[in-house]
Amino acid sequence: MCLGINLAYAEMYLTIAAMVQNFDFELVDSSIENIFPYRDYALSYGKDHNYGVKFKMTKVLQE
């Protein structure tokens, strides 16, 4: 097992948190009813087992 896996997970969580905090997103070619959270809700996939969830940034949030 990789020695830096925990650091990689920590960096991934921080990056996702910063993106969610600073940007507004919209799903592309899907709806929220078709998304299934997997494991600790960090990963999601479609109910048709399509492992790609597409989204686009709609606006930058102001502080």
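Within the stretch 12-28, the residues that satisfy the criterion of being of a type outside the set (Ser, Thr, Tyr), surrounded by 11 or more Cβ atoms within 10 Å (Cβ to Cβ) and in a helix (DSSP H, G or I) are Met12, Ile16, Met19, Val20, Asn22.
In summary, Glu33 fulfils each of the numbered conditions (1) exposed (fewer than 11 other Cβ atoms within 10 Å of the Cβ); (2) at pLDDT 80 or above; (3) part of a helix (DSSP H, G or I) with the single exception of condition (2).
The values are calculated or read from the model by the stated rules, or taken from the named source; none is laboratory data. All of these numbers come straight from a predicted model, not from anything done at the bench. Here the Cβ is made from the backbone with ideal geometry for all residues, glycine too, and neighbour counts use every protein chain on show.
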